[in-house]
Amino acid sequence: MSNLQRRSYNDLLPRYSVPYRESGISLKEIFPAASKYILEIGFGMGEATVRLAGENPDFGYLGIEVHKPGVGKVLSEIERLSLDNLRIINHDAVEVLESMIPDKSIDGVHIFFPDPWPKKKHHKRRLIQGPFVDLIVPRLIPGGYLYICTDWEEYAEQILSVCSQAEGLQNAYEGFAEPQPWRPRTKFESRGLDKSHRIREVYFTKTT
């Protein structure tokens, strides 16, 4: 962690985070002026998260991340930009989904460039697996969306397969999705493009 990230983490976490708890939260209480609620899982250093929150002040963004440097960075940006519509949960995403996020409460879920765990022996550590997607689907409102991006082609195929098999989800495209014009490019994505990695996007909606 940089000195700024460490100071922000220590000083701002109580102000701009939602503490983990084993009971459901009210998104309306957290974001009283929001017309929609977006959940981002694993926001990394938070470039896309912060930009989307700044560009859509009428949406409430709740980011989940365990990586403290990224949490510290986003906290400093929330303070600097006075983002009332962005809050974070510094905790494991599976436990947050299981305990805190009510059913039919989220308009959209973003998972941008999850760790690909490229070695075959580590594939079991990948975030996007059937049981995890099955946790997400009930939390979406009817018509809500799940949007996942990766620059790891083999992982993209797995993600597409997992989402295609999930009960209650419907692919909005034939196969991989077109890039959504509102999604900001991240530094991680730019590094992947510099290595000639192809960005794959998956966009599914919850059936009514």
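Answer yes or no as to whether I101 is touching a Pro at 6+ places or on another chain (Cβ under 7 Å), buried (at least 18 other Cβ atoms within 10 Å of the Cβ) and in a loop (DSSP other than H, G, I, E, B).
Numbers: touching a Pro at 6+ places or on another chain (Cβ under 7 Å): no; buried (at least 18 other Cβ atoms within 10 Å of the Cβ): yes; in a loop (DSSP other than H, G, I, E, B): yes.
Answer is no for this residue.
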Exercise. So which residues in segment 126-141 are in contact (Cβ under 8 Å) with a residue 40 or more places away in the chain, open to solvent by 20 Å² or more (accessible area, probe 1.4 Å) and closer than 23 Å to G44 by Cα, if there are any at all?
Worked result: L127, L135, R139
Problem set entry | Qualifying position, being of a type in the set (D, E), over 24 Å from T186 (Cα atoms) and in contact with a Leu (Cβ under 8 Å, 6 or more places away or on another chain), among E98, E77 | E98
For this session: Go through (1) under 22 Å from L52 (Cα atoms); (2) open to solvent by 20 Å² or more (accessible area, probe 1.4 Å) and name the single condition A177 misses.
Result: (2)
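Report whether or not R198 is over 30 Å from I25 (Cα atoms) and in a helix (DSSP H, G or I). Full working, then the answer.
Numbers: over 30 Å from I25 (Cα atoms): yes; in a helix (DSSP H, G or I): no.
Against the criterion (over 30 Å from I25 (Cα atoms) and in a helix (DSSP H, G or I)), R198 does not qualify.
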Exercise. When both residues are 6+ apart or on different chains and their Cβ atoms are under 7 Å apart, which pairs have a first residue that lies in segment 23-41 and is farther than 16 Å from D84 by Cβ, and a second that is open to solvent by 40 Å² or more (accessible area, probe 1.4 Å) and modelled with pLDDT of 95 or more?
Worked result: G24/P102
For this session: Check R21, R51 and return the single one that is within 13 Å of E77 (Cα to Cα) and among the charged types (D, E, K, R).
Result: R51
Problem set entry | Test: residue in segment 68-75 that is open to solvent by 70 Å² or more (accessible area, probe 1.4 Å) and outside any strand (DSSP E or B) | yes
Exercise. Hey, does segment 17-32 have a residue that's under 23 Å from F113 (Cβ atoms), open to solvent by 10 Å² or more (accessible area, probe 1.4 Å) and out of contact with any His (no Cβ under 6 Å at 6 or more places or on another chain)?
Worked result: yes
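Listed here are the residues, each with its yes/no results for (1) part of a loop (DSSP other than H, G, I, E, B); (2) surrounded by fewer than 16 Cβ atoms within 10 Å (Cβ to Cβ); (3) modelled with pLDDT of 95 or more.
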residue	(1), (2), (3)
Y61	no, no, yes
R80	no, yes, yes
K124	no, yes, no
G143	no, yes, yes
I148	no, no, yes
L160	no, no, yes
E167	yes, yes, yes
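Take segment 19-48 and flag every residue that is in a helix (DSSP H, G or I) and at pLDDT 95 or above.
L27, K28, E29, I30
Is it fair to say D107 is open to solvent by 10 Å² or more (accessible area, probe 1.4 Å), modelled with pLDDT of 95 or more, within 20 Å of W182 (Cα to Cα) and in contact with a strand residue (DSSP E or B) (Cβ under 7 Å, 6 or more places away or on another chain)?
On the way: open to solvent by 10 Å² or more (accessible area, probe 1.4 Å): yes; modelled with pLDDT of 95 or more: yes; within 20 Å of W182 (Cα to Cα): yes; in contact with a strand residue (DSSP E or B) (Cβ under 7 Å, 6 or more places away or on another chain): yes.
It is true that D107 is open to solvent by 10 Å² or more (accessible area, probe 1.4 Å), modelled with pLDDT of 95 or more, within 20 Å of W182 (Cα to Cα) and in contact with a strand residue (DSSP E or B) (Cβ under 7 Å, 6 or more places away or on another chain).
Assess whether E65 counts as being within 27 Å of E189 (Cβ to Cβ), modelled with pLDDT under 95 and either among the acidic types (D, E) or within 17 Å of the chain's Cα centre (by Cα) (or both).
On the way: within 27 Å of E189 (Cβ to Cβ): yes; modelled with pLDDT under 95: no; either among the acidic types (D, E) or within 17 Å of the chain's Cα centre (by Cα) (or both): yes.
In short, no.
The values are calculated or read from the model by the stated rules, or taken from the named source; none is laboratory data. Note that the coordinates shown come from a computational prediction; the quantities given were computed from them, not determined experimentally. When we count neighbours, we look across all protein chains shown, and the Cβ atoms used for this are built from the backbone with ideal geometry, even at glycine. In case anyone asks, the SASA skips ligands and DNA or RNA and just uses the protein heavy atoms, side chains included. Shrake-Rupley method; radii C 1.70, N 1.55, O 1.52, S 1.80 Å.
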